[in-house]
Amino acid sequence: MIKSNKNFQSINGKKVIPYGRSGKFSGEVVKTRLQQKTSSQDRGVVAIICWNDRIQSNVLFLENSRVRVWTNKVEYGDKWYWDTEGYLRIKMDRGSQYIFN
C-alpha cells in the first residue's frame, strides 16, 4: 500500500493535460486523499480531476505503479510514473496520457 500521499499532495491544484486524445481540454486536480481499503485493487491515493468540460474523473494510484481512472462510470487504467523532470504522468490503456503540471 502507498504509505503516504505526501508526494501526491504536491499535485493538488495542478493542471492536468491529456495527450493523444482529440479535442482541446484540460483539467485541474481539486483534491487528493489516501484511500485505505482491504483489497489492494481499491487501496492507494485518490485524485479528483475536474475537466474544463465539467466532467469529473476519479483517479486511484496503486502502489505497484498501476492506476485506475473512472470517467462517466467508465473505467480506464494502466500505469503511473514520475518523469525525470518531476512531473506525474499516467499512461492510459487506450493510448492517451495525462500529465500533471
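The values are calculated or read from the model by the stated rules, or taken from the named source; none is laboratory data. No experiment lies behind these values; they were computed from the predicted model shown. Quick reminder, even Gly has a Cβ in these numbers, built from the backbone with ideal geometry, and neighbours come from all protein chains shown. Just the protein is used for accessible areas: all its heavy atoms, side chains included, with ligands, DNA and RNA removed. Shrake-Rupley method; radii C 1.70, N 1.55, O 1.52, S 1.80 Å.
With Kirkwood's inverse mean 1/r over C-alpha pairs for Rh, give me the Rg to Rh ratio of region 57-101, two decimals please.
That ratio is 0.96, to two decimals.
Quickly estimate the mean residue ellipticity at 222 nm for the chain, helices only: each DSSP H run with n ≥ 4 gives -39500 (n - 2.57), and the total goes over all residues, rounded to 500.
Values: 1 runs with 4 residues, N = 101.
The helix contribution divided over the chain gives -500 deg cm²/dmol.
Taking +1 at the Cβ of each Lys and Arg and -1 at the Cβ of each Asp and Glu, which of Leu60, Leu34, Tyr81 sits farthest along the dipole of the chain towards its positive end, judged by Cα position relative to the Cα centre?
Leu34
Using a Cα distance threshold of under 15 Å, what count of lysine pairs results for region 11-101 when pairs must be 8 or more residues apart or interchain? Before the final figure, lay out the partial values.
Details: Lys14/Lys31; Lys15/Lys24; Lys15/Lys31; Lys79/Lys91.
Final tally of qualifying lysine pairs is 4.
Given H placed 1.01 Å from N in the peptide plane, which residues other than close sequence neighbours of Lys14 have an amide H under 5 Å from its amide H?
For Lys14, the qualifying residues are Val29.
Let's see if you can work this out: charge +1 on each Lys and Arg Cβ, -1 on each Asp and Glu Cβ, no other charges. What is the dipole magnitude of the chain about its Cα centre, in debye to the nearest 20?
Working: 18 positive and 9 negative charges, 33 e Å.
Using only the charged Cβ atoms, the result is roughly 160 debye.
Heavy atoms only, probe 1.4 Å: what % of the accessible area of the chain goes to carbon and sulfur, would you let me know? Please list the in-between numbers first.
On the way: 2720 of 6270 Å².
Result for the chain: 43 percent of the exposed heavy-atom area is carbon or sulfur.
Please compute the per residue accessible area over the chain with all protein chains in place, 1.4 Å probe, rounded to a whole number of Å². Present the calculation step by step, with values, prior to reporting the outcome.
Working: 6270 Å² over 101 residues.
Per-residue accessible area for the chain comes out at 62 Å².
Stretch Ser10-Lys31 to full length: gain in nm at 0.36 nm per residue minus the Cα-Cα span? Please list the in-between numbers first.
On the way: separation 21, 0.36 × 21 = 7.56 nm, distance 1.05 nm.
My answer for the length gained is 6.5 nm.
Whenever you get a sec, line up Asp83, Asp93 from highest to lowest accessible area (probe 1.4 Å, protein heavy atoms). Could the numbers behind the result be given before it?
Details: Asp83 30, Asp93 90 Å².
Largest accessible area first, the list is Asp93, Asp83.
What do you reckon, how do Leu88, Leu34 stack up by accessible area (1.4 Å probe), largest on top? Intermediate results must be reported in sequence, preceding the final value.
Values: Leu88 0, Leu34 55 Å².
Ranking Leu88, Leu34 by accessible area, largest first, yields Leu34, Leu88.
Take the alpha carbon gyration tensor of region 39-82, find the square roots of its eigenvalues, order them as a ≥ b ≥ c, and report rounded if a/c is under 1.5; if not, report prolate when a/b exceeds b/c, else oblate.
On the way: a/c = 2.19, a/b = 1.79, b/c = 1.22.
Note, shape of region 39-82 comes out prolate.
If you project the alpha carbons of the chain onto the principal axes, what extent comes out on each, in Å, largest first?
Principal axes ranked by extent give 38, 30, 22 Å for the Cα atoms.
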